[in-house]
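Quick notes on the structure that follows.
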Number of protein chains: 4
Amino acid sequence: MASFISHRQLTVEWGQCDPSGIVFNSRFFEMFDLSTWMLFEQALGVTAHELGAAFGIIGLPLVDARANFLKPAKFGDVIDIASHIVEFRRSSFDVEHKITIGGELAVEGGETRVWAARTKDDPDKIHAVAIPPDIVARFGHG
Amino acid sequence: MASFISHRQLTVEWGQCDPSGIVFNSRFFEMFDLSTWMLFEQALGVTAHELGAAFGIIGLPLVDARANFLKPAKFGDVIDIASHIVEFRRSSFDVEHKITIGGELAVEGGETRVWAARTKDDPDKIHAVAIPPDIVARFGHG
Amino acid sequence: MASFISHRQLTVEWGQCDPSGIVFNSRFFEMFDLSTWMLFEQALGVTAHELGAAFGIIGLPLVDARANFLKPAKFGDVIDIASHIVEFRRSSFDVEHKITIGGELAVEGGETRVWAARTKDDPDKIHAVAIPPDIVARFGHG
Amino acid sequence: MASFISHRQLTVEWGQCDPSGIVFNSRFFEMFDLSTWMLFEQALGVTAHELGAAFGIIGLPLVDARANFLKPAKFGDVIDIASHIVEFRRSSFDVEHKITIGGELAVEGGETRVWAARTKDDPDKIHAVAIPPDIVARFGHG
């Protein structure tokens with residue numbers, strides 16, 4: 001079974017670009033974050049807003065983020081972001097984001113996130129919990 | 001007694017500028033927000049982080065923000081932000097921020113904020129409360 | 001003839017919200033900027049990217065921005081932004097942005113911008129030029 | 001000879017934090033970008049603004065960025081960023097950024113950048129050029 005892929009398109013905004021006229025690097029990490037929320041929304045059928053309550057977690061804390069910049073994205077460019085989960089582990093997973101412009105790969109991004117719940121005895125703390133198999137299955141894994 | 005003025009300097013960052021090479025407008029509102037926190041820190045002697053607990057408020061919700069852009073600020077420019085409270089009312093106040101570059105006024109900003117506490121009967125709600133006279137006095141007003 | 005209104009919808013992103021769980025004020029000014037570009041795109045039929053070349057201008061420099069925050073916008077909220085030009089003057093104009101959430105007005109924003117061209121004798125400078133009547137007409141004014 | 005290290009301190013801003021009260025990941029990449037500019041400023045004795053003209057380059061395009069998030073940074077936290085170049089290659093180099101809070105490592109960041117000049121025959125293009133040995137030496141390498 002193929003891994004579930006979420007696509008979205010967006011047009012590069014003026015305010016996302018730097019003086020060299022291309023998207024400033026931090027903006028891609030904003031895009032990746034939203035794309036991960038949308039990937040979960042589409043695969044699980046709950047809004048990002050309801051995700052925590054629906055699955056007993058407090059969120060999907062990011063422990064690692066990375067990006068390769070292959071081609072610049074300019075103001076007005078229409079970009080496509082394709083996101084999918086490349087690997088599920090016991091309580092963490094890796095998301096891959098591929099940004100293409102006119103069919104050409106422009107940015108490759110990656111995130112490692114944790115399936116995390118609030119710790120009962122100390123509500124200020126969070127801890128990783130096992131990802132339920134039916135969640136994994138909904139992404140076409142497991 | 002003169003109104004207490006807080007000054008800070010910063011150098012314009014590459015990532016704050018847009019393709020025309022000047023600071024993108026939303027970045028000035030980020031600067032104003034921080035300058036207001038620092039104004040309170042300096043006038044009241046508590047960190048922004050402690051402000052809520054020290055005075056029984058949940059924060060200083062912004063109800064109005066505005067800016068006039070007179071001269072552009074470019075990458076590498078050293079800018080000075082001078083902030084003070086121009087008027088205290090019962091439970092709200094107006095902050096003025098003046099950004100100068102090389103002694104010339106570049107941006108004039110303004111914020112209207114509320115002195116707000118959490119509502120006892122409904123902790124999801126907040127309401128405006130009277131600003132204590134000794135707080136007002138510490139800004140050289142009242 | 002009614003003023004041309006541009007609408008767009010967006011869902012509030014996690015990264016646009018601050019620790020109180022609501023959209024941080026500077027993010028609304030990012031939204032307003034994009035909405036103005038889209039308003040021009042839709043009214044004039046050229047992309048934001050082509051706007052300068054199509055009309056002999058270098059852009060629409062912002063000289064004044066302002067916002068009233070009436071109701072908070074939270075993570076996951078679907079917001080509608082309606083933008084139109086309220087007044088054209090010789091070489092400047094005022095844009096109004098109304099953000100509604102579930103039909104209720106949440107933020108009122110305003111921008112004053114200039115129709116600007118590069119100065120022939122000094123390409124580092126820009127100056128305001130008269131807005132052509134046919135541009136004004138396409139927004140339902142004049 | 002030890003690698004030149006640039007340090008800077010900053011206090012986490014309200015507007016840099018997300019609804020979970022911690023710095024949103026994209027903000028660290030903004031910090032890394034500025035820290036790299038400051039590292040070059042301090043090692044080479046020219047401002048970031050003059051860097052291009054002083055060394056015949058158009059900038060230091062980023063080709064790869066990455067970060068590990070070990071401990072959260074909260075509103076009001078005083079963070080220290082220590083940046084140095086871990087390796088110089090012919091025309092590219094790797095920067096490492098270590099963010100510590102109260103002496104504890106919170107975020108490890110890395111960037112790969114290129115020493116790039118405008119292409120003579122096609123000023124819209126840029127290409128990697130060899131990094132001069134005296135530049136490398138000023139960072140304590142080579």
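The values are calculated or read from the model by the stated rules, or taken from the named source; none is laboratory data. Model, not experiment: these values are computed from the prediction. Using ideal geometry, Cβ is built from the backbone for each residue, glycine included, and neighbour counts are taken over all protein chains shown. Side chains are part of the model used for accessible areas, which takes the heavy atoms of the whole protein and leaves out ligands, DNA and RNA. Shrake-Rupley method; radii C 1.70, N 1.55, O 1.52, S 1.80 Å.
A few comments on the model shown:
- Filter result for A:GLN9 (polar (S, T, N, Q) and either more than 14 Å from the chain's Cα centre (by Cα) or not in a helix (DSSP H, G or I) (or both)): yes
Quick grid of which residues meet (1) touching a residue at least 40 places away in the same chain (Cβ under 8 Å); (2) over 21 Å from B:TRP14 (Cα atoms):
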{"residue": "D:ARG27", "(1), (2)": "no, no"}
{"residue": "D:ALA53", "(1), (2)": "no, no"}
{"residue": "D:GLY76", "(1), (2)": "yes, yes"}
{"residue": "D:HIS84", "(1), (2)": "yes, no"}
{"residue": "D:ASP94", "(1), (2)": "no, no"}
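- Test result for B:VAL86, modelled with pLDDT of 95 or more, aliphatic (A, V, I, L, M) and open to solvent by 30 Å² or more (accessible area, probe 1.4 Å): yes
- Residues that are open to solvent by 20 Å² or more (accessible area, probe 1.4 Å), more than 14 Å from chain D (Cβ to nearest Cβ) and within 23 Å of C:PRO19 (Cβ to Cβ), drawn from region B:1-57: B:GLY45, B:PHE55, B:GLY56
- Counting the residues of region B:58-85 that are facing another protein chain (nearest Cβ under 10 Å), outside any strand (DSSP E or B) and within 30 Å of D:GLY59 (Cβ to Cβ) gives 5.
- Annotation: of all residues in region B:104-142 being over 15 Å from B:ARG90 (Cα atoms) and free of Cβ contacts under 8 Å to residues at least 24 places away in the same chain, the one that is least open to solvent (accessible area, probe 1.4 Å) is B:THR119.
- Meets criteria (under 18 Å from the mean Cα position of the chain (by Cα) and among the aromatic types (Phe, Trp, Tyr)) for B:PHE32: yes
- Test: residue in region A:47-62 that is among the acidic types (Asp, Glu) and within 14 Å of the chain's Cα centre (by Cα): no
- Some residue of region A:42-50 being in a strand (DSSP E or B), closer than 20 Å to A:ILE131 by Cα and out of contact with any strand residue (DSSP E or B) (no Cβ under 6 Å at 6 or more places or on another chain): no
- Annotation: B:GLU104 fulfils all but one of (1) acidic (Asp, Glu); (2) within 12 Å of another protein chain (Cβ to nearest Cβ); (3) within 30 Å of D:GLY52 (Cα to Cα); the unmet one is (2).
- Among the residues making up region B:74-83, those that are under 14 Å from B:PHE32 (Cβ atoms) and surrounded by fewer than 22 Cβ atoms within 10 Å (Cβ to Cβ) are B:ILE79, B:ASP80, B:ALA82.
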